[in-house]
Amino acid sequence: MELEIPAENVQKATEKVARDIARVARIPGFRPGKAPVTIVRRRFADDIQGEVVQSLVPEYLEKALDEKKLVPVARPEVDKVEYKEGEPLRFRAVFEVLPEFELGDYKNLHVQVDAIEVGDAQVDKALEEMRERVATFVPIEGRPAQDGDYALIKIAGMPAGGGEPVQADNIMCHLGAEETVASFTENLRGATPGETKKFQTVYPEDFPDPKLAGKTYDYSVELQAIKEKKLPELNDEFAKDAASEQGNVTTLAELRQKIRESLEAHKQEQQSAQGREKILEQLVKQHDFPVPEALIEHQMDTRLERVVRSLAAQGMDPRAANIDWMSLRRGQRDRAVADVKAELLLDRIATAEKIEATEEDVEKELAEAAQGSGESATSLRARLTKQGALDRMKSKLRSEKTIEWLYRTSRIETTAQRET
């Protein structure tokens, strides 16, 4: 938008700013506030011009946007400012607006989701995982360590070429296991408790721990004990002990039934989530329209923040992680475009179907969030309102209700079965 502010309005604003400056200006030869305005305007011309532009441009820009019913998706950039004495103030505002597009067919969509089998095999797998969680480790005596054993070790490591050393005590190392670094298995195999092994380990570039990836360490490892894992017997007694996880059960048969019901509920959640995701994918594919770059950039930042929070939750320092953050951010672009398109589509569908987040929806969400944070729903509402986040909450709830509506009106079909 190229805009023009009338010369008389510019003149009035200029005179007012000049008078304000004259009241506090210190000019040699004049007492404070007594210098003639003509001298003040000449001496502080740049300051006056800056004040006038800052006071008038936002006001006239907002008025122009209201008249044309335009809503910028980000703060407009103002350039090409022309300010001359006695003339209108001219400037250009550049900004992005939400795209105009026609809604295609969004009712009675047809999507396919994976069928998830819940049978004896899946129940058995869950039971084994429960046994693993309560396994005990029993000392082995009278023989050296071998593959399959759990070696209790104390380690001291130094990076080749210098650096921060690694020290740890009471580490359980599963010899021969896939997750165990090969050099530890090779050097501890055949060792006896009390023996110390010294060896070097070269970690691959793609090693999961970024602190070790691509580095070489010289280790001194003391074998403190050799142990074997003992799993509890699968019987009614085990079922009673596991009742804290699955509710009050007294027999193994009851425990199996509880697990089956839990797996069935999880299956429904998985299929429901997958169905909603595929509905959004289909909607995005059906609609072709330009997406504002400002919204894409914001979504790319949001996705990057999720990665940072995920690393921090795992106890890793994102700043020390060996990650090319710029490449990672660029790699989020396609997904960010799809995310923004999906949100714009949901907004249009919600408007078309008169779907809104009610006060009851907001109260329920606030109550759940407050319970998790430990503060009252009232104080949480006040804080979110002050931060400007309550409207974002309402928008999120509206989108969720729209996705739920789409899911209910779509035809969901299951495909070939797969295991959980």
Exercise. Would you mind computing the Rg to Rh ratio of the stretch 136-230 from its alpha-carbon coordinates, Kirkwood style for Rh?
Key: 0.98
Exercise. Calculate, axis by axis, the spread of Cα positions in the stretch 261-420 along the three principal axes, and write the results as whole Å, longest axis first.
Key: 47, 43, 41
Quiz item: Ranked highest first by the average count of other Cβ atoms within 10 Å around their residues, in what order do 159-168, 338-347 fall?
Solution: 338-347, 159-168
Exercise. Quick one: compute the contact order of the chain, relative version, from alpha carbon pairs under 8 angstrom and 6+ residues apart, as a percent.
Key: 18 percent
Practice problem: Using a Förster distance of 41 angstrom, determine the FRET efficiency expected from the C-beta separation of V94 and I39, and round it to 0.05. | Solution: 0.65
Exercise. Sum -39500 (n - 2.57) across every DSSP H segment of at least 4 residues in the chain, then divide by the residue count to get the 222 nm mean residue ellipticity, nearest 500.
Key: -16000 deg cm²/dmol
Exercise. Could you calculate, for the chain, the ratio of the Cα radius of gyration to the Kirkwood radius, expressed as Rg to Rh?
Key: 1.14
Practice problem: Can you pull a Stokes-Einstein diffusion coefficient for the stretch 174-219 at 10 °C (1.306 mPa s), Rh from Kirkwood over Cα pairs, as a whole number of µm²/s? | Solution: 137 µm²/s
Exercise. Report the one residue of S220, A182, V340 whose Cα lies farthest in the direction of the positive end of the charge dipole of the chain (charges on C-beta: Lys and Arg +1, Asp and Glu -1; origin at the Cα centre).
Key: V340
Quiz item: For the stretch 290-420, what's the relative contact order in percent, using C-alpha pairs closer than 8 Å and at least 6 residues apart?
Solution: 24 percent
Self-check item: Spatial separation of Cα centroids for the stretch 384-414 and the stretch 187-249, in angstrom
Solution: 44 Å
Quiz item: Whole-Hz Karplus ³J(HN,Hα) for the stretch 348-355, in order, using 6.51 cos²θ - 1.76 cosθ + 1.60 and θ = phi - 60°, x for Gly and Pro?
Solution: 5, 5, 4, 5, 5, 9, 6, 9
Quiz item: Assigning unit charges at the beta carbon (Lys, Arg +1; Asp, Glu -1) and nothing else, what dipole magnitude in debye, to the nearest 20, does the stretch 136-230 show about its Cα centre?
Solution: 260 debye
Quiz item: In the stretch 2-94, with Lys and Arg counted as +1 and Asp and Glu as -1 at Cβ, which of these residues, Y83, F30, P58, has the Cα nearest the positive end of the dipole, that is, farthest along it?
Solution: F30
Practice problem: Report, in whole Å, the centroid distance computed from the Cα atoms of the stretch 291-369 and the stretch 47-85. | Solution: 31 Å
Quiz item: Once the dipole of the chain is set up with Lys and Arg at +1 and Asp and Glu at -1 on Cβ about the Cα centre, which of V307, A377, S262 lies farthest towards its positive end?
Solution: A377
Quiz item: Tell me, what is a quarter of the convex hull surface for the C-alpha atoms of the stretch 66-110, in nm² with one decimal?
Solution: 5.5 nm²
Quiz item: Computed over the Cα atoms, what is the radius of gyration of the stretch 212-309 divided by 2.2 N^0.38 Å, N being its residue count?
Solution: 1.99
Practice problem: Along each of the three principal axes of the Cα atoms of the stretch 2-94, give the extent in whole Å, ordering the values from largest to smallest. | Solution: 52, 24, 19
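If packing is taken as the mean number of other Cβ atoms within 10 Å per residue, what is the order of 15-21, 66-72, highest first?
Listed from highest to lowest mean packing, they are 15-21, 66-72.
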Exercise. Using the structure shown, select from K16/K68; K125/K258; K63/K341; K16/K84; K125/K229 the pairs with a Cα to Cα distance greater than 25 angstrom.
Key: K16/K68; K63/K341
Exercise. Please give every one of the aspartates and glutamates within straight-line cross-link reach of K154, meaning a C-alpha to C-alpha distance under 13 Å, and leave out same-chain neighbours fewer than 8 residues apart.
Key: D169, E195, E222
Practice problem: Run the dipole for the chain about the Cα centre, Lys and Arg Cβ at +1, Asp and Glu Cβ at -1, nothing else charged, and hand back the magnitude in debye, nearest 20. | Solution: 1980 debye
Quiz item: Quick one: which of 1-14, 127-140 comes out on top by average Cβ neighbours within 10 Å, and what's the full order, highest first?
Solution: 1-14, 127-140
Quiz item: Taking the Cα centre of the stretch 2-94 as origin and charging only Cβ (+1 Lys, Arg; -1 Asp, Glu), how large is the dipole, in debye to the nearest 20?
Solution: 580 debye
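Computed from the coordinates by the stated procedures, all read-outs in this text should not be read as laboratory data. Worth saying up front: this structure is predicted, and the values here are computed from it rather than measured. Every residue, glycine among them, receives a Cβ derived from its backbone with ideal geometry; neighbour counts consider all protein chains shown.
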